[in-house]
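What follows is a single structure, written as structure tokens, with notes after it.
The values are calculated or read from the model by the stated rules, or taken from the named source; none is laboratory data. Bear in mind that the values here come from a model prediction, so they are computed numbers and not experimental data. Backbone-built Cβ (ideal geometry, glycine too); neighbour counts: all protein chains shown.
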Amino acid sequence: MNRMENNKDTELIAFYNVENLFCPDIPRVHQLDPTASGLLNWDERKYQNKLFKIAHVFQLILESEKALPLVIGLSEVQGRKPLEDLVKLEPFNSKYEIAHYESMDERGVDVALLYDKTKIELLSSQPISYLFAVENKESEYYDTTRDVLFCKVKFLETIINVFVLHLPSKREKDINKPKRDYILKDLHEKVLTIKSTTQEAVIIMGDFNENPDEEMILNFNYDSDFNKILVNPSEELFKNEKFSTFHYKNGLLFDQMILSKDFFNSNYPLLFKEAKVFNHEKLSNWNRKFAGRPFRTYAGTRYLGGYSDHFPILTALLVNK
């Protein structure tokens, strides 16, 4: 891993799918009782270990990159309490505020944004919710998914629109692909509206459950006249086989950060410098068979005690004085 250039004028943006950061389950009365987390024996000890592990990831980022991120997008968080417990730990030390809303997801899984309150001002935040009609022979009902979090933040008098997402998964022969298509099209319209009305910068970060070379992701970067309005540095990372997660033998880069072209304009206060997958060796699996893959918390129902089944991703921005 190459360290990003040590420069006091460099700021970081991060996204991390933290793999089920849930509060501990209430002890079950009967062995077959369902749990809120859906995990096996998710107790206080495992919860505290999980918090420590996620905080340690950012301690490693601090040691490696000589900075903590301005903003951190998170996915697979269940409720606000784990976030409140997390930001009390080192290296956060209560310096980070939280933007979070409870989603309608059936598992209660949310996205969130942590931001350094000494540098970032949160101007507004809101959830963007999606309902999908499902019809079968017996009835019609609505299916829910994770909200997209939309935040408007200010850094050094510069306003940035930040979207944090975790698109529906590829389970069951990718039954959710139409949902991902719909959400991306809706977000695309919102980005076009922002750019046409305010000219403010935009960052879309999250777990897209698609690789950067998929058509739906590539098309997201262009307007209706085929003008490129967004840049996805993850495309180059993926070509160079930099992966944030794995499925069987396949390396995947579902975790991506897409930027408006403002960050590539030499007159803009924040300039794109570098994107990377933070695949630090301490976050990797200890088993030689799975070397180079994230050291996850669970493998199926088996508790491993690791960090997450994803590596975090980072984008470095140069403060343009």
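A few notes on this one:
- Where strands (runs of 3 or more DSSP E) fall wholly inside region 213-316, the ranges with 1 or more residues that are within 26 Å of S64 (Cα to Cα), of a type in the set (S, T, Y) and modelled with pLDDT of 95 or more are 245-247.
- Taken over region 54-83, residues that are closer than 22 Å to R146 by Cβ and either modelled with pLDDT under 95 or among the basic types (K, R) (or both) amount to 4.
- Tabulated pairs, region 238-260, first closer than 22 Å to R171 by Cα and in contact (Cβ under 8 Å) with a residue 12 or more places away in the chain, second of a type in the set (D, E, K, R) and outside any loop (DSSP other than H, G, I, E, B), C-beta under 8 angstrom, 6+ apart or interchain: S244/D255; T245/D255; F254/D207; D255/D207
- Among the residues making up region 101-115, those that are out of contact with any helix residue (DSSP H, G or I) (no Cβ under 6 Å at 6 or more places or on another chain) and closer than 18 Å to N161 by Cβ are Y101, V111, L113, L114, Y115.
- Residues (of a type in the set (G, A, S) and touching a residue at least 40 places away in the same chain (Cβ under 8 Å)) located in region 61-112: S64, A67, G73, S75, G79, A99, S103, G108, A112
- Residue check for F272: touching a residue at least 60 places away in the same chain (Cβ under 8 Å) and either of a type in the set (V, I, T) or surrounded by 12 or more Cβ atoms within 10 Å (Cβ to Cβ) (or both): no
- The one condition in (1) at positive phi; (2) surrounded by 16 or more Cβ atoms within 10 Å (Cβ to Cβ) that V71 fails to fulfil: (1)
- Selection status of N232, on the phi > 0 side of the Ramachandran plot and surrounded by 20 or more Cβ atoms within 10 Å (Cβ to Cβ): no
- Selected residue (criterion: surrounded by the fewest Cβ atoms within 10 Å (Cβ to Cβ)) from residues of region 239-269 that are among the aromatic types (F, W, Y) and farther than 26 Å from L192 by Cα: Y248
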